[in-house]
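Here is the structure we will look at, set down as structure tokens.
The values are calculated or read from the model by the stated rules, or taken from the named source; none is laboratory data. As the structure is a computational prediction, the values presented were derived from the model and not from experiment. All Cβ positions, glycine included, derive from the backbone under ideal geometry; neighbour counts span all protein chains shown.
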Ligand SMILES: C[S@@+](CC[C@H](N)C(=O)[O-])C[C@H]1O[C@@H](n2cnc3c(N)ncnc32)[C@H](O)[C@@H]1O
């Protein structure tokens with residue numbers, strides 16, 4: 001359904017609000033921990049599919065949540081802050097959503113310790129443009145957190161995520177559309193599945209890995225393959241399972257979603 005959204009703003013379904021809650025809570029801790037422990041190093045947040053900054057039913061898209069987490073961490077750590085600045089990179093391909101995001105965030109950052117960088121480009125080109133603008137932006141020592149949140153299964157090239165994850169203290173939160181990947185897998189040639197899945201996984205290991213599994217388990221296999229097998233240097237995978245809940249269960253729905261999340265996949 002999300003692949004069909006054409007408007008600048010749209011209504012966030014509950015799992016989207018839950019996803020932003022996870023991002024907001026995780027980033028607050030992430031900024032705080034590195035802010036206290038990394039003298040003079042800049043902290044980098046990259047929002048690769050930034051969106052318009054808000055929803056018709058919520059004032060906080062991921063960029064707003066990230067800025068709020070950054071401001072909160074700077075304030076709560078206070079004089080114990082040892083790191084350099086927080087750099088927030090927002091990449092959004094759609095021109096109207098990009099303009100909306102600029103208008104939304106433009107006046108609200110207002111903290112000299114937070115620097116913003118905006119790119120109206122596809123994710124991959126936005127990273128290249130950042131590197132052109134700031135040579136070696138996230139030097140190996142700089143902690144980096146990237147949020148990769150495309151519509152649907154496509155648009156997240158393995159090579160670029162691998163490049164981000166090859167750095168020290170790099171973390172990537174991926175909205176991994178396992179249902180969409182399952183649909184592409186099942187549609188085979190009709191969905192041009194081979195090049196698409198090769199691009200997502202970085203190789204064609206999915207052909208053998210998925211041979212004998214029941215496909216309702218695809219989300220586990222997909223996530224596991226993605227994070228642990230392909231990224232041998234990746235030490236840890238935390239999986240948040242966002243599932244739909246029935247309408248009658250929508251009281252305190254966000255909490256329900258988060259409690260229902262499966263957190264798993266620890267790996268040495
Ligand atoms: C799921 S929405 C992002 C929502 C946002 N991260 C949030 O949580 O509020 C995906 C966004 O990615 C944008 N987009 C689609 N393809 C893109 C690409 N290749 N590079 C960057 N942005 C893209 C879409 O216009 C859309 O705004």
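Candidates 127, 74, 173: the one that is more than 12 Å from the ligand (Cβ to nearest atom), under 22 Å from residue 31 (Cβ atoms) and not in a loop (DSSP other than H, G, I, E, B) is 74. Considering region 163-177, and only residues there that are out of contact with any strand residue (DSSP E or B) (no Cβ under 8 Å at 6 or more places or on another chain) and surrounded by fewer than 19 Cβ atoms within 10 Å (Cβ to Cβ), the residue that is modelled with the highest pLDDT turns out to be 163. Taking the conditions (1) more than 24 Å from residue 180 (Cα to Cα); (2) free of Cβ contacts under 8 Å to residues at least 12 places away in the same chain in turn, residue 4 satisfies each one other than (1).
Cβ-Cβ distances below 9 Å connect the following pairs, each with a first residue in region 96-122 that is within 16 Å of residue 61 (Cα to Cα) and in the same structural domain as residue 43 (by TED's automatic domain parsing), a second residue that is away from the ligand (no atom under 16 Å from the Cβ) and in a loop (DSSP other than H, G, I, E, B), and a separation of six or more residues or different chains: 116/109.
Would you confirm whether or not region 30-51 contains a residue that is within 16 Å of the ligand (Cβ to nearest atom), modelled with pLDDT of 95 or more, exposed (fewer than 15 other Cβ atoms within 10 Å of the Cβ) and in the same structural domain as residue 7 (by TED's automatic domain parsing)? Scanning region 30-51 turns up no residue that is within 16 Å of the ligand (Cβ to nearest atom), modelled with pLDDT of 95 or more, exposed (fewer than 15 other Cβ atoms within 10 Å of the Cβ) and in the same structural domain as residue 7 (by TED's automatic domain parsing). Evaluate region 147-162: report whether one residue or more is in contact (Cβ under 8 Å) with a residue 40 or more places away in the chain, farther than 24 Å from residue 97 by Cα and either touching a strand residue (DSSP E or B) at 6+ places or on another chain (Cβ under 8 Å) or not in a helix (DSSP H, G or I) (or both). No, because not a single residue in region 147-162 is in contact (Cβ under 8 Å) with a residue 40 or more places away in the chain, farther than 24 Å from residue 97 by Cα and either touching a strand residue (DSSP E or B) at 6+ places or on another chain (Cβ under 8 Å) or not in a helix (DSSP H, G or I) (or both). Each residue in region 9-25 was checked for being more than 9 Å from the ligand (Cβ to nearest atom) and out of contact with any strand residue (DSSP E or B) (no Cβ under 7 Å at 6 or more places or on another chain), and 8 pass.
Residues that are within 18 Å of residue 31 (Cα to Cα) and at pLDDT 95 or above were ranked within region 88-112; the one that is nearest to the ligand (Cβ to nearest atom) is 90.
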